[in-house]
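Let me begin by presenting the structure, written as structure tokens, before commenting on it.
The values are calculated or read from the model by the stated rules, or taken from the named source; none is laboratory data. Since this is a predicted model, take the numbers as computed values, not measurements. Ideal geometry is used to build each Cβ from the backbone, glycine not excepted, and the neighbour counts take in all protein chains shown.
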Amino acid sequence: MSVTTDLSSNVEGGKCVLRFSGSLTLLRVRRLSEELGEIEAENLVVDLSDVEKMDTVGAWLIHKLERDRGATIVGATEEQQLLIDHVTGADQPVKIKRDYVSPFQRVLGQIGASMMLAGRTMLGLLGFFGALLITIWNIIRRPRRFRLNAVTQQFEVVGVDALGIIGLMSFLVGIVIAEQGAVQLRQFGAEIYTINLIGRSALKELGVLMTAIMVAGRSGSAFAAQLGSMKLSEEIDAMRTIGVSPMEALIFPRVLATVLMMPLLGFYAAVLAIVGGGLFCWISLGIPPVTFIQRTREVVPMTDLWQTIIKAPVFGLIIAMAGCFQGLQVQGNAEEVGLRTTTAVVQGIFLVIVIDAFFAVFFTEIGWT
Amino acid sequence: MTERETIIEVKGLRNSFGTQVVHEDLDLAVKRGEIFGVVGGSGTGKSVLMRSIIGLQKPDAGEITVFGESMIGRDEEEAKHVRRRWGVLFQGGALFSGLTVAENIQVPIKEFFPGLDQELLDEIAVYKTAMSGLGVDAGAKYPSELSGGMRKRAGIARALALDPELLFLDEPTAGLDPIGAAAFDQLISELRHALGLTVFLITHDLDTLYAICDRVAVLADKKVVAVGTIPELLALDHEWIQEYFKGPRGRAAAAINEREEADA
């Protein structure tokens, strides 16, 4: 656009006449408002007869001259006058800034808010657990309401589909543990104890914990995202209205599948970690597989396996509950789905590790060392 | 009527998703200064047509020109100066969720006119907010704090931020209450007079069609089957058009329109 706005001012009969010409638009408004700021005369008359083009920003500028400095407008065409009237009508005290809060107050507020949020989340999870128990009781009383299809589908998603990644991860972790252990134990000439290290740590802690972390990342997040978007699109409300309980149809199958799949996946992970460690021992330390297996059977007590089998369902319950609970908390917009998904994973992993610590103390106390 | 400049021209447009063909050999021309309504049954590709024109949907074939410049196969930088001359309102408002309403309105202005001082930007945001009929405290709110209708108004305010010559509106009055919808119709027609706006309007709202549209295009059978003023369309012998305008709702809207014209 080559058309420029020119502003000329001259004093005629005691009045300062501002003559605009050309286009009075957003393109020129920056220079114009600077120029207008320099004019200090009183008794302004604004002459628009040479203005070819005006948009709302131009009209706003004229309106401001009229409002703040009592300018009289002459020479406006019908359209321009309409535009000015329109802008004048829109000149209302609209609030566009958030209220200012001092940083100290804000930080204090944030701390308080997060404390309340943590408390509410704990209460919510507890309530959710209660609702889950009621659902389970209802399903036990009326077994026909058990949705086999939904549950088996979740078996596949949570369990079968995770085999590849969990297997690979555990295998690699097994190699890493064996390698690190061997380096340290070699200093004492006790390389053979690498087998103890791999066998016991994999079966007791590593297998189930790594599985829990992977399931939280794979399935816990998926639960939160699925339920969250269903909540947003009012699917869950629709379900409730029709008379289908979302707890029965959506949450129970997911929780049950995770609870049942976790021990299997945990055991599978432990086995593959031992396989990885065994492979390393064979190749790197020259311990033949037969010896490795034999020694593993000698040094790993059965209680290590029981620990995994007991812990895994509890971890599964926590992960599935955190995922489903956070998914159902989604409100408002799609951004919230992302936030809740992150929270579900963080919460799931955090709670799993906390509970794992309790388990460790408990099992030591009862002599399952 | 004198022959006016053509702002949007679509020729031989073809759009498809997989095997489903949405548009086939579609032609359309929008003239400067008119409010051009687009109607059609659900799934006839009204929104897809709009997305093709504004360059969000790459058509399989066809030619699209806006302001006399071809829109197909242009790079982003070249298309920028054309984009500056239009405003778009999406169906759900499509506000940026991390910004307040006022900041949303300022985004296009800041993008195309960097260096405007914040005071002026705030003033612009203030009158745009008021102009689009949002309440006095809406400017500081985030989109998630607004109702659906309010979001739509905020979307209009943002679409109008640069005082565009061409405005694309995708079902602007859907979800608004009748009072809000009527106020919106009035806003558009006033702005059209004042700014010389050209409006491309997708709507199902028969009242809006009668109240403000100069010409209406009917989308059916993958193409534009008819274009004209409402009386012209009514004279046509097309089943869907007859059903659309002469159905119970069409008759009611026509009656209101007649009454209003009689009053005026």
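Among the residues of the stretch A:199-222, is there at least one that is under 23 Å from the mean Cα position of the chain (by Cα), surrounded by fewer than 22 Cβ atoms within 10 Å (Cβ to Cβ) and acidic (Asp, Glu)? Looking for residues that are under 23 Å from the mean Cα position of the chain (by Cα), surrounded by fewer than 22 Cβ atoms within 10 Å (Cβ to Cβ) and acidic (Asp, Glu), one finds none in the stretch A:199-222, hence no.
Listed by first and then second residue, the pairs with beta-carbon distance under 7 Å, at least 6 apart or on different chains, first residue in the stretch A:289-314 and farther than 13 Å from A:ILE198 by Cα, second outside any helix (DSSP H, G or I) and modelled with pLDDT under 95, are A:THR303/A:TRP368; A:GLN307/A:TRP368.
Please indicate, with yes or no, whether at least one residue in the stretch A:69-76 is touching a strand residue (DSSP E or B) at 6+ places or on another chain (Cβ under 6 Å) and of a type in the set (D, E, K, R).
For the stretch A:69-76, residues touching a strand residue (DSSP E or B) at 6+ places or on another chain (Cβ under 6 Å) and of a type in the set (D, E, K, R): present.
So if I check each of B:GLY155, B:GLY175, which one is closer than 22 Å to B:THR208 by Cα, more than 14 Å from the chain's Cα centre (by Cα), more than 9 Å from chain A (Cβ to nearest Cβ) and of a type outside the set (A, V, I, L, M, F, W, C)? One residue alone meets the criteria, B:GLY175. What are the residues in the stretch B:178-203 that are within 14 Å of chain A (Cβ to nearest Cβ) and of a type in the set (Asp, Glu), if any? Passing the criteria: only B:GLU190. Among the residues of the stretch A:296-327, those that are touching a Pro at 6+ places or on another chain (Cβ under 9 Å) and buried (at least 23 other Cβ atoms within 10 Å of the Cβ) comprise A:THR308, A:LYS311, A:ALA312, A:GLY316.
Of the helices (runs of 4 or more DSSP H) lying entirely inside the stretch B:182-264, the ones with 2 or more residues being surrounded by fewer than 16 Cβ atoms within 10 Å (Cβ to Cβ) and touching a residue at least 12 places away in the same chain (Cβ under 8 Å) are found at B:248-263.
Can you give me the number of residues within the stretch A:23-42 that are away from chain B (no Cβ under 14 Å) and at pLDDT 80 or above?
Here is the first cut: in the stretch A:23-42, the ones away from chain B (no Cβ under 14 Å) are A:38-42.
Next cut, at pLDDT 80 or above only: none.
Going through the stretch A:23-42 one residue at a time, the tally reaches 0.
Residues in the stretch A:123-151 that are of a type in the set (Phe, Trp, Tyr) and either more than 17 Å from A:PHE325 (Cβ to Cβ) or more than 28 Å from the chain's Cα centre (by Cα) (or both): A:TRP137, A:PHE146. Being under 26 Å from the mean Cα position of the chain (by Cα), modelled with pLDDT under 95 and not β-branched (Val, Ile, Thr) is a description that applies to A:LEU232. Out of the residues in the stretch B:121-130 that are of a type outside the set (Val, Ile, Thr) and surrounded by fewer than 23 Cβ atoms within 10 Å (Cβ to Cβ), which is farthest from the other protein chains (Cβ to nearest Cβ)? Checking each candidate, the answer is B:LEU121. Residues in the stretch A:152-173 that are closer than 15 Å to A:ALA320 by Cβ and surrounded by 16 or more Cβ atoms within 10 Å (Cβ to Cβ): A:GLN154, A:PHE155, A:VAL157, A:VAL158, A:GLY159, A:ALA162.
Against the list (1) surrounded by 24 or more Cβ atoms within 10 Å (Cβ to Cβ); (2) at positive phi, the condition A:GLU234 fails is (1). Taking the numbered list (1) closer than 20 Å to A:ALA224 by Cα; (2) free of Cβ contacts under 8 Å to residues at least 12 places away in the same chain in turn, A:GLY367 passes all entries but (1).
Among the residues of the stretch B:80-98, those that are small (Gly, Ala, Ser) and either at the interface with chain A (Cβ under 7 Å from one of its Cβ atoms) or crowded, with 16+ Cβ neighbours inside 10 Å (or both) comprise B:GLY87, B:GLY93, B:ALA94, B:SER97.
Could you go through the stretch B:28-36 and let me know if any residue there is touching a Gly at 6+ places or on another chain (Cβ under 8 Å), of a type in the set (Val, Ile, Thr) and within 19 Å of B:ARG215 (Cα to Cα). Walk me through how you get there before you give the answer.
Residues of the stretch B:28-36 that are touching a Gly at 6+ places or on another chain (Cβ under 8 Å), as a first pass: B:32-33.
Within this subset, residues satisfying the condition of being of a type in the set (Val, Ile, Thr) are none.
No, every residue in the stretch B:28-36 fails to be touching a Gly at 6+ places or on another chain (Cβ under 8 Å), of a type in the set (Val, Ile, Thr) and within 19 Å of B:ARG215 (Cα to Cα).
Determine which member of the set A:SER23, A:SER9 is polar (S, T, N, Q), over 25 Å from B:TRP86 (Cα atoms) and surrounded by 13 or more Cβ atoms within 10 Å (Cβ to Cβ). Don't jump to the end; show me each part of the working.
Numbers: A:SER23 fails: over 25 Å from B:TRP86 (Cα atoms).
Being polar (S, T, N, Q), over 25 Å from B:TRP86 (Cα atoms) and surrounded by 13 or more Cβ atoms within 10 Å (Cβ to Cβ) holds for just one of A:SER23, A:SER9, which is A:SER9.
Residues that are within 17 Å of A:LEU250 (Cα to Cα): which helices (runs of 4 or more DSSP H) entirely in the stretch A:93-189 hold 1 or more of them? Hits in the stretch A:93-189: A:103-141, A:148-154.
For the residues B:VAL101, B:VAL107, the requirement of being closer than 25 Å to B:SER52 by Cα and either of a type outside the set (Gly, Ala, Ser) or more than 11 Å from chain A (Cβ to nearest Cβ) (or both) singles out B:VAL107. Within the stretch A:77-97, residues that are more than 7 Å from chain B (Cβ to nearest Cβ) sit with their Cβ atoms under 6 Å from residues that are of a type in the set (A, V, I, L, M) and assigned to a helix (DSSP H, G or I), at 6+ positions apart or across chains, in these pairs: A:ILE84/A:ALA59; A:ILE84/A:ILE62. All of (1) more than 14 Å from chain A (Cβ to nearest Cβ); (2) on the phi < 0 side of the Ramachandran plot; (3) in contact (Cβ under 8 Å) with a residue 60 or more places away in the chain; (4) surrounded by 21 or more Cβ atoms within 10 Å (Cβ to Cβ) hold for B:GLY45 with one exception: (2).
Taking the numbered list (1) more than 14 Å from chain B (Cβ to nearest Cβ); (2) of a type outside the set (Gly, Ala, Ser); (3) closer than 30 Å to A:SER9 by Cβ; (4) surrounded by 15 or more Cβ atoms within 10 Å (Cβ to Cβ) in turn, A:LEU65 passes all entries but (1). Quick one: count up the residues across the stretch B:51-63 that are outside any loop (DSSP other than H, G, I, E, B), farther than 21 Å from B:LYS31 by Cβ and aliphatic (A, V, I, L, M). Matching residues across the stretch B:51-63 total 1. Among the conditions (1) within 12 Å of chain A (Cβ to nearest Cβ); (2) under 17 Å from A:GLY89 (Cα atoms); (3) among the aromatic types (Phe, Trp, Tyr), the only one that B:PHE113 does not satisfy is (2).
Scanning the stretch B:131-148 for residues that are more than 7 Å from chain A (Cβ to nearest Cβ) and among the acidic types (Asp, Glu) yields a single hit, B:GLU145.
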